Amino acid sequence: MNLLGAEVSLYPLKTSNASSIITEAINSLHGQNLTFTVGSISTEIRGEPEAIWNGLKTMFNKAQQSGEVSMVVTLTNAAD
């Protein structure tokens, strides 16, 4: 199976609502044919490559609706 894995950290900038922005961005992954595990400083995502890319885009777009955000992603193709 051709799976990708991603470790994602979101950093909302210039806000006092960082936790809720991050939570909303993570919740945007529901229904996207991905598995994900939320950790204290990052979220691990696994899935088909197209689903991973779409999920990352969805997370970033959701987070940036609240203002400036930085997103750090580590990708691997050793996710099987």
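Each reported figure results from applying straightforward, stated rules to the coordinates on display, with no laboratory input. Please read all numbers here as calculations on a predicted model, not as lab measurements. A quick note on method: Cβ atoms are made from the backbone with ideal geometry, for glycine too, and the neighbour counts reach across all protein chains shown.
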Subject >> Spin-label model distance (nm) - Thr74 vs Ala18, 7 Å beyond Cα toward Cβ >> reply: 1.9
**OP:** Enumerate the calculated ³J(HN,Hα) couplings along region 51-67 in order (Karplus 6.51 cos²θ - 1.76 cosθ + 1.60, θ = phi - 60°), each rounded to whole Hz, writing x wherever the residue is Gly or Pro.
**Re:** 5, 4, 4, 5, x, 4, 4, 4, 4, 5, 4, 5, 5, 6, 5, 9, x
**OP:** Within the chain, report the trypsin sites (Lys or Arg not before Pro) that DSSP leaves as loop and that have at most 11 other Cβ atoms within 10 Å.
**Re:** Lys14
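Determine the sum of side-chain charges near Gln32: Lys and Arg each +1, Asp and Glu each -1, restricted to other residues whose C-beta is under 11 angstrom from that of Gln32.
Values: positive: Lys57; negative: Glu48, Glu50.
Summing Lys and Arg as +1 and Asp and Glu as -1 gives -1.
Determine the dipole magnitude for the chain: charges of +1 sit on the beta-carbon of Lys and Arg, -1 on that of Asp and Glu, nothing else is charged, the reference point is the Cα centre, and the result goes in debye to the nearest 20.
On the way: 4 positive and 7 negative charges, 46 e Å.
Dipole about the Cα centre, nearest 20: 220 debye.
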Subject >> Charge-dipole axis of the chain as Lys and Arg at +1 and Asp and Glu at -1 on Cβ define it, positive-most pick from Thr23, Ile52, Gln65 >> reply: Gln65
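State whether the chain is rounded, prolate or oblate according to the following rule on the C-alpha gyration tensor (a ≥ b ≥ c being the square roots of its eigenvalues): a/c under 1.5 gives rounded; otherwise a/b larger than b/c gives prolate, and the remaining case gives oblate.
Working: a/c = 2.20, a/b = 1.94, b/c = 1.14.
Taking the square roots of the gyration eigenvalues as a ≥ b ≥ c, the chain is prolate.
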